[in-house]
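Enquirer: Encoded as structure tokens, here's the structure I'll be asking about.
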Amino acid sequence: MPSVIVFGATGFLGAPLTRAIVKAHPDWKVTAYVRGTRTSDEVKKELGVKRIETGDFTEFEKIKALCKENDIAVNAGNSFTDAPISAIVAGLSERSEGPKGKLLHISGAGNFLDFGTTGEFNPASKVWDDDNEEDIKLVNDKMFNGQSDVVALQAGKNGAVDTYVVCTPVTYGGAAVGSKGMGVGYSLITGNAKPLGYVPYIGNGSAVLSTAHVLDVVPFMLKVLELAASGPAQGSVYSRWFNVETQRVAWKDMATELAKVMYAKGIFKSPEAKSVPLEEAGEGEVKYLVAGNMLMHTNRSARMGFKPTQPSILTQVHEDLKDAAL
Ligand SMILES: NC(=O)c1ccc[n+]([C@@H]2O[C@H](COP(=O)([O-])OP(=O)(O)OC[C@H]3O[C@@H](n4cnc5c(N)ncnc54)[C@H](OP(=O)(O)O)[C@@H]3O)[C@@H](O)[C@H]2O)c1
């Protein structure tokens, strides 16, 4: 039976994924790597795992040693920098016993932003297709999740590790899984809006945001993990990248619903979203999330059985953020 270590196991995606692994495969040896902010017993109870390892993502040697002794590592912790992925890859690459180390890395569809500035849908924008290996070869370290994706893909390309990637867009639905946190996607969007005093969209707000419900995403991640566990990887690493999506939504619609939520929570004085120019839509790169389009196909995932069935973020956002500390 494989041994699996999950990084980010207490997170928005990592917690339901860890619980799903334990539920589907009670005989697998699952370890959760977590920060020491809560007792091991609490975390064990919450996740159902038998083994906890505590540490930070910056603890390279500790993570490397743990990955060396596990068959499979899941990076559901951080995709913005090369920690913990570099240490994970270093450990999996040095396994001396058993089959080659396997990696399930969670990436993000922020990679596929078209960096449009008008806030309008652009029918000429590239649609990134997980079934086209040439598209995945274009993933690079300048992209939102590129610093970690490149390490994961390179390890798969040079044969050191059997890499699998699931690329999820803004992921929601925490209320459906009793999530404690909001996750990276909601945090970016609400964190961008809050200092502005309004929820922005740009121009007519027809630019599209890709979104996925956690209950569509997590069972599929488990499926990819089961594929990894089933034997040596097949094909090139670029054929083991899977995009997932529940629904694309127009930014005006997203902003309209989020403004109602932030008004209801007493954060904003108006329940209306606001159309603004790019320079008034937020700081740094996040304003391009509002201004541009995020377009991808999920053909490869669909062939693997990915079939979204969950409700839209436009309805779910109210329930998801009702009790969240924004
Ligand atoms: N949610 C999304 O919309 C979305 C979309 C695309 C891609 N992703 C990617 O998916 C992954 C998981 O996202 P998420 O939304 O589940 O994130 P999250 O809720 O913020 O969870 C992050 C997890 O990593 C742990 N962690 C963070 N920094 C750490 C550190 N320095 N040392 C040890 N542990 C640390 C957190 O521990 P604590 O519980 O102690 O904080 C938590 O378990 C990330 O790589 C993210 O970029 C997420």
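Enquirer: Among the helices (runs of 4 or more DSSP H) confined wholly to the stretch 1-71, which include 2 or more residues that are within 9 Å of the ligand (Cβ to nearest atom) and closer than 23 Å to Thr81 by Cβ?
Expert: Details: elements: 14-24, 40-47, 60-68.
Of the helices (runs of 4 or more DSSP H) lying wholly inside the stretch 1-71, those with at least 2 residues that are within 9 Å of the ligand (Cβ to nearest atom) and closer than 23 Å to Thr81 by Cβ span 14-24.
Here's the yes/no breakdown for (1) crowded, with 17+ Cβ neighbours inside 10 Å; (2) more than 20 Å from Asn243 (Cα to Cα); (3) more than 16 Å from the ligand (Cβ to nearest atom):
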| residue | (1), (2), (3) |
| --- | --- |
| Ser96 | no, yes, yes |
| Pro99 | no, yes, yes |
| Leu104 | yes, no, no |
| Gly108 | yes, no, no |
| Leu113 | yes, no, no |
| Gly116 | yes, yes, yes |
| Glu120 | yes, yes, yes |
| Asp129 | yes, no, yes |
| Val139 | yes, no, no |
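Enquirer: Can you tell me which residue is farthest from the ligand (Cβ to nearest atom) among those in the stretch 72-93 that are open to solvent by 40 Å² or more (accessible area, probe 1.4 Å) and of a type outside the set (Asp, Glu)?
Expert: Ser93
Enquirer: Somewhere in the stretch 187-205, is a residue aromatic (Phe, Trp, Tyr), crowded, with 17+ Cβ neighbours inside 10 Å and more than 14 Å from the ligand (Cβ to nearest atom)? Step through it out loud before you land on a result.
Expert: Going through the stretch 187-205, the residues aromatic (Phe, Trp, Tyr) turn out to be 198, 201.
Pick out the ones that are also crowded, with 17+ Cβ neighbours inside 10 Å and you get 198, 201.
If we keep only those that are more than 14 Å from the ligand (Cβ to nearest atom) as well, we get 198, 201.
So far as the stretch 187-205 goes, yes, one or more of its residues are aromatic (Phe, Trp, Tyr), crowded, with 17+ Cβ neighbours inside 10 Å and more than 14 Å from the ligand (Cβ to nearest atom).
Enquirer: Here's another thing I want to ask about it. Taking interchain pairs and intrachain pairs at least six residues apart, which have beta carbon atoms under 6 angstrom, with the first residue in the stretch 93-106 and in contact (Cβ under 8 Å) with a residue 24 or more places away in the chain and the second of a type in the set (Asp, Glu)?
Expert: Cβ pairs passing all conditions: Lys100/Asp162; Lys102/Asp162.
Enquirer: Please enumerate the residues belonging to the stretch 171-184 that are within 14 Å of the chain's Cα centre (by Cα) and surrounded by fewer than 24 Cβ atoms within 10 Å (Cβ to Cβ). Quick ask: steps written out before the conclusion?
Expert: First pass over the stretch 171-184, keeping only residues within 14 Å of the chain's Cα centre (by Cα): 171-174, 181-184.
Within the stretch 171-184, Gly181, Met182, Gly183, Val184 qualify.
The values are calculated or read from the model by the stated rules, or taken from the named source; none is laboratory data. Only a predicted model underlies this, so the values are computations on that prediction, with no experimental measurement involved. Cβ sites come from the backbone with ideal geometry, for glycine too, and all protein chains shown count toward neighbours. Please note that ligands, DNA and RNA were not included when accessible areas were found on the heavy atoms of the full protein model with its side chains. Shrake-Rupley method; radii C 1.70, N 1.55, O 1.52, S 1.80 Å.
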